[in-house]
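Below is one structure; the comments refer to it alone.
What follows draws every value from the coordinates through simple rules; no lab data is involved. Everything numeric here is computed off the predicted structure, so don't read it as measured data. Virtual Cβ from ideal backbone geometry, glycine too; neighbours counted across all protein chains shown.
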Amino acid sequence: MQPDLEQGLLAGFESRNFMRHLGVEITVLEQGVCDMALDHRDSLMQHGGRFDSAVLGALADMAAGTAGQTLMPAGERCRTAEYKLNLLAAAEGARLEAEARIVKAGRTLKVAETNVYCINESERKHVAMALVTLVADGTPRQEKDV
């Protein structure tokens with residue numbers, strides 16, 4: 001990936017208030033690939049001490065969108081058109097990790113698969129899977145955009 005694109009994506013990510021609020025960090029950023037993680041906080045949990053499913057969905061969507069953005073032409077951006085989230089197991093643990101990969105990269109549409117894992121001590125449990133459709137929206141990307 002071009003260094004200026006990577007820097008722009010990272011700067012844009014840092015400006016996203018919602019992701020900053022959740023405490024999300026990018027752990028891997030490559031062409032067509034984005035991994036993200038966030039640590040356990042009581043404010044992200046639902047009853048029973050599990051990560052709220054909305055948090056899993058937001059993490060899966062943001063990782064997919066950022067992976068898609070790495071494949072966009074300079075100055076253009078993509079947006080989520082649709083996503084489907086399958087919850088596979090209760091997300092009880094200390095950390096969530098999302099691994100997004102672009103599986104089809106067309107000129108207008110991109111399709112990503114994101115797998116979300118919950119980490120608890122030595123266990124890494126697959127807790128969710130998302131299929132995300134991204135669309136080039138024709139709007140010029142600004143420095144603050146991911």
In the neighbourhood of Ile119 defined by beta carbon distances under 11 Å, the net charge of the other residues (Lys, Arg +1; Asp, Glu -1) is -2
Expected sort for Val55, Val135, Val116 with the fewest Cβ neighbours (10 Å cutoff) up front is Val135, Val55, Val116
Along the stretch 115-130, Karplus-curve 3J(HN,Hα) (6.51, -1.76, 1.60; θ = phi - 60°) to the nearest Hz, with x for Gly and Pro, reads 10, 10, 10, 10, 9, 9, 6, 9, 9, 10, 9, 6, 10, 7, 9, 10
A correct Karplus calculation of ³J(HN,Hα) over the stretch 48-64, with 6.51 cos²θ - 1.76 cosθ + 1.60, θ = phi - 60°, whole Hz and x for Gly and Pro, returns x, x, 9, 4, 5, 4, 5, 5, 4, x, 5, 5, 4, 5, 5, 5, 5
Within the stretch 90-105, the residues whose backbone N lies under 13 Å from a label point placed 7 Å from the Cα of Gln46 along the Cα-to-Cβ direction are 90-92
